[in-house]
Amino acid sequence: MVTVRAPGKVILFGEHAVVYGEPALAMAINKYVYVTARPRDDGKVTINASDLKLAGLYVTFLENGDLVARTDYGAVISALSYVRRAVELAMEYVGKRVGVDLTIRSEMPVGAGLGTSAAVAVATIASYVHALGYEISKRDLARLAWQVERDVQGAASPTDTAMATYGGVMFIRSVGGEAFMEPVKVDVDVPIIVGYVPRVSTTKELVSMVRSRLESMREVIEPIIKAIGMVSTMGRRALEEGDLKTMGQLMNINHGLLVALGVSTKQLDDMVYAARAAGALGAKLSGAGGGGIMIALSDRVEVEKAIEIVGGSAFRASLNTKGVEVVSED
Ligand code: PMV
C-alpha cells in the first residue's frame, strides 16, 4: 500500500494575459490531494473518494464502485474521469493491468482553480506505479498527467500538472502554443491566505469573453494585457529579492487590471478589499475568475476572518517546494 500526495497551486500573477504570450507566475501550495493505492488480485479497480470537497461542500460519489464495469457516472463523471484515465495510463506505463483500490482525499475544494484535477492525476499515477513496485521520473509523471488532462478536457495547459509534479514557483510563458516553464528561486516564506466562493462561470467562458473584448476594443484591452505581463515580470523579481511589500503592491495592481478585463465578481472584489483592509500586503483574484479563488499575501488570522465575514471560505497556505512525494509505504 502506497500513499502519495501532490500539491495544488495558485496563480500569483498573469492569468488571462498568459493566453496571449505574456508571462505568468504560478506557485505550488502546501495543500494536497492524497491518493492511497492498494493492489488487489482480482483485476478490479475501485475508487473511494468520499471526502472530495466540491466548492466547500462535501460530496459523496461512487463509494467503492467498480470503475471498469460502470459506464454512467452521472454528475461525478468529470471528477472520476481523471482518475480513470490516470489509472489507464499508469497501467500502460508499467505494462500490466493489475487491479487496485484507490482512496482519494483532498485538502482543497475541487473545481475552484486550485489545480486539484491535475493533483489527482499526478498522485493517482504515482501511487499506482509505486504500489506495483516501479519507479517513475518526474518528467514522465508530468507528461502522463498532462495527457490525462488533455484526454479528459480536450485541451489543457501543462501548468497545473507541472506544478503538482515539481512544486515551487514557475515563470510560465507560452510561445506558439508551446509552454515554457522556468523554476524561480525563492528563499523567503510566502504566506498566502486563499479565499473562495462557488464559481459562476467556467474558465472556458471567461477566456472567450476576454478574447471577444480584445477583438472589439483592441486599443484598450491590448495595453491591459501587456501591463499584466509587466506585472508578472516585476513580481518575479520582487519574489526573488524577497521583497514581499512590492509583491503585494503588484498583486493589487494585477487585480485592478483583471477587474478591467471583466473577469472579477462582486464576491471576489469584496474578499480582496476585506483582506487588504485587514492588513494583507496585497490581494487579487487568482485563476480564471468568475468566482472561485482569491489570494491575499498575509499570514494574519484577521485576514482569514475578514474574508469569512464577507461570505467567503478561507484557509492558510504557503509555498510547497517538493512537488509530488510518497508519504507512506508498506
Ligand atoms: O482558474 P484556472 O486555474 O483554471 O486558471 C486559468 C488561467 C487562465 O489564464 C485564465 C487560462 C489559461 O489557460 O491560462
Report, by chain and number, residues whose modeled amide H sits under 5 Å from the one on Thr265, excluding near sequence neighbours (fewer than 5 apart, same chain). Gly290, Gly291
Taking every DSSP bridge whose two residues both lie in the chain, the antiparallel percent to the nearest 5 is 90
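Among rounded, prolate and oblate, which fits region 192-317 when a ≥ b ≥ c are the square roots of the eigenvalues of its C-alpha gyration tensor, a/c under 1.5 means rounded, and a/b larger than b/c means prolate?
Working: a/c = 2.41, a/b = 1.27, b/c = 1.89.
Oblate.
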Mind checking the angle between helix 218-240 and the chain's longest principal axis? C-alpha axes, 0 to 90 degrees, to the nearest 10. 70
Which whole-Hz couplings ³J(HN,Hα) result when phi for each residue of region 142-159 is put into the Karplus expression 6.51 cos²θ - 1.76 cosθ + 1.60, θ = phi - 60°, listed in order with x for Gly and Pro? 4, 5, 5, 5, 4, 4, 4, 4, 5, 5, 7, 9, x, 8, 7, 7, x, 4
Run through every distinct alpha carbon pair of region 153-249 and return the Kirkwood hydrodynamic radius in angstroms, one decimal place. 16.1
Around Val98, what is the net charge, scoring Lys/Arg as +1 and Asp/Glu as -1 over all other residues with Cβ under 14 Å from its Cβ? 0
Net charge, Pro39 excluded, C-beta distance under 13 Å - Lys, Arg +1, Asp, Glu -1: 0
Could you order peptides 171-178, 153-160, 188-195 by the average number of other Cβ atoms within 10 Å of their residues, highest first? 188-195, 153-160, 171-178
Do any of Lys284/Lys322; Lys185/Lys226; Lys245/Lys284; Lys266/Lys305; Lys245/Lys266 go past 22 Å between their Cα atoms, and which? Lys284/Lys322; Lys185/Lys226; Lys245/Lys266
Can you list the residues, at least 5 places off or on another chain, whose amide H is less than 5 Å from the amide H of Asn320, using H built in the peptide plane? Ala28, Ile29, Asn30, Gly168
Just add up the charged neighbours of Ala118: K/R +1, D/E -1, any other residue whose Cβ is under 14 Å from the Cβ of Ala118. +4
Taking the square root of 5 times each eigenvalue of the Cα gyration tensor, what semi-axes in Å does the equivalent ellipsoid of the chain have, largest first? 34, 20, 19
Counting only protein heavy atoms and a 1.4 Å probe, tell me what percentage of the chain's accessible area is made up of carbon and sulfur. 52
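Determine one quarter of the surface area of the Cα convex hull of region 179-218, which equals its mean projected area, and express it in nm² to one decimal. Intermediate results must be reported in sequence, preceding the final value.
Values: hull surface 22.8 nm².
Spelled out: convex hull of the Cα atoms, projected over all directions, averaged, 5.7 nm².
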Rounded to a whole number, the Stokes-Einstein D of region 205-258 in µm²/s (Kirkwood radius over Cα pairs; 4 °C; 1.567 mPa s) is 107
The Rg/Rh figure for region 78-196, Cα atoms and Kirkwood Rh, to two decimals is 0.98
With just the Cα atoms defining each centre, how far is region 235-261 from region 107-144? Give it in Å. 30
In sequence order, calculated HN-Hα J values of region 28-34 (Karplus, 6.51, -1.76, 1.60; Hz; x Gly/Pro): 6, 10, 7, 10, 10, 9, 10
The chain - accessible surface per residue (Å², probe 1.4 Å): 43
Among Met251, Gly168, Val10, which residue has its Cα positioned farthest towards the positive end of the charge dipole of the chain, with +1 placed on the Cβ of Lys and Arg, -1 on the Cβ of Asp and Glu, and the dipole taken about the Cα centre? Met251
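Taking region 210-249, which GluC sites (Glu not before Pro) meet the DSSP loop condition and have no more than 16 other C-beta atoms within 10 Å?
Values: sites: Glu215, Glu219, Glu240, Glu241; in loops: Glu241.
Here the GluC sites (Glu not before Pro) that fit, given the DSSP loop and packing criteria, are Glu241.
The values are calculated or read from the model by the stated rules, or taken from the named source; none is laboratory data. This is a predicted model, so every value here is computed, not measured. So basically every Cβ, Gly included, is an ideal-geometry build from the backbone, and we count neighbours across all protein chains shown. We work out accessible area using only protein heavy atoms, side chains counted, and drop any ligands, DNA or RNA first. Shrake-Rupley method; radii C 1.70, N 1.55, O 1.52, S 1.80 Å.
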